[in-house]
Amino acid sequence: MSLLEFSDRGIHCPQADVYIDPWRAVDRAVITHAHSDHARRGHRHYLCSPVTEPLLRTRLDRYASISTLAPGRSVTVNGVRFSLHPAGHIPGSMQVRVEHQGEVWVATGDHKRDPDGVSEPFEPVRCHTFITECTFGLPIYRWPDPAEVFAEIDAWWRQNASEGVCSILSAYSLGKAQRVLMGVDRGIGPIYVHGAVANMNEALAQAGLQLPEVKQVTPDTPKEELKKALVITPGSAIGTPWTRRMRPFSTAMVSGWMQLRGWRRRGNLDRGFVLSDHADWDDLLQAVKDTGAERIIATHGYTDHFSRFLRECGYDATSESTEFAGESEEGSSGTSTRSVDPPGRPEGGPGRPEQTPQA
Ligand SMILES: [Zn+2]
Ligand SMILES: [Zn+2]
């Protein structure tokens, strides 16, 4: 019996009968973060970080049975010690450390090392076995400096505003939208958000996060205001009647997938900005190294390529299939009606490398 096993319900600790980010209903679930592919409805009891709690209540169920565990604190279930450590992916996102009789495993959920102004910074955790996502686990994925990306976003917005064109920016409602909010130059013009983003901002404010004041787009929003505005929305609202009254407008998306030009073209977007909530190739390798683990299990993303590369480097690396979706649009509070992200890509993960368009 392994300390953690991959079952048809999720990542399971049989000794404690606890699951990590299970995708089928279970009694006891530890949730790494509130993105919908990791935090699902229907579990009897949830354990998560304090910041994740209001997000789960907003996104899943107001009355769910939820306990919180502060980062670095631990809880012991049938001799197995569980603790949470910041994953740097979105606000509240945690890696789960599991220890039993001296053996330590860490399951990351999603993670990134670039500081983003809203998430607790990634904390490397020593372990024997490291279960990691590898959404962008191909050497072609290397992120530019986020400061440069924000300068590009500001320049695009400033240019549009000077021409009386509304700037509509597609960003995931949880994590990316807030990162954008903190990163752009708020002196350029007013910032408006879609209701899905407003809901997440409200839940994060309940968790104690200080976010800049923004306005929600309503039918009463003056058209004059929109001409200079940056409108942050989930991609699902672009191309719907919701954007019609913002004309004239320019559209853009912030995502790691924007590193591949094909996504932008197929999504009918005017601009694409490369900004991801996930580690790029170099940071994935760094994360692996920092754990000191000899055994690596790659979960979602380019698992085969990533684990093969690690084996060539001397690691005992394998991949496991899960039902995590990689970097895809999040259904937010029932407001989005269709899935749109990464443009042109079917929902459910980045597909195999040979299916991705050439950069
Ligand atoms: Zn995520
Ligand atoms: Zn994930």
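Numerical summary
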quantity	calculated
Per-peptide average of other Cβ atoms within 10 Å, ordering 70-81, 97-108 highest first	97-108, 70-81
Pairwise centroid distance, computed over Cα atoms, of region 1-64 with region 161-222, Å	29
Within the chain, percent of DSSP bridges classed antiparallel, to nearest 5	35
Mean ellipticity per residue at 222 nm, deg cm²/dmol - from DSSP H runs of n ≥ 4 across the chain, formula -39500 (n - 2.57)	-6000 deg cm²/dmol
Positive minus negative residues near G102 (Lys, Arg vs Asp, Glu; Cβ under 14 Å)	+1
Summed residue charge, Cβ within 13 Å of L230's Cβ, Lys/Arg positive, Asp/Glu negative	+3
Order by protection proxy (mean Cβ within 10 Å, highest first), peptides 87-96, 25-34	87-96, 25-34
Net charge, R41 excluded, C-beta distance under 10 Å - Lys, Arg +1, Asp, Glu -1	+1
Where Cα atoms sit under 17 Å apart: lysine pairs in the chain separated by 8 or more or lying on different chains	5
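Coordinate-derived values only; no laboratory data. Computed from a predicted structure; not experimentally measured. Note: ideal-geometry Cβ built from the backbone for every residue, glycine included; neighbour counts use all protein chains shown.
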